[in-house]
1. Given R₀ = 22 Å, FRET efficiency for residue 56-residue 29 by Cβ-Cβ distance, to 0.05?
2. Treating the beta-carbon of each Lys and Arg as +1 and of each Asp and Glu as -1, no other charges, what is the dipole magnitude of segment 5-61 about its Cα centre, to the nearest 20 debye?
Amino acid sequence: MAEQISDQDPGIEVTAKDLKTGETQTTVVKDDYVLITAGTCYLHHLNDFPRAGTRVLTVKGRNGRSADRG
């Protein structure tokens, strides 16, 4: 069973930095998730299963494989 989140839970702070440009972006995530991809990796597909309350994220392109986004 999933852990319950209280209203007092501050969440987490996530910062991502582009090493090429030095640009950073920070956000606070509470009761949610963050998917960060780099290089050839990308979100290929997303499946929602509302009855089960789950979501499946398919990421492709790891280690340069499946770099075509078709």
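What follows draws every value from the coordinates through simple rules; no lab data is involved. Model, not experiment: these values are computed from the prediction. Reconstructed Cβ throughout: ideal geometry from the backbone, glycine too, with neighbour counts over all protein chains shown.
1. The pair residue 56/residue 29 has a calculated efficiency of 0.70.
2. The dipole magnitude comes to about 340 debye.
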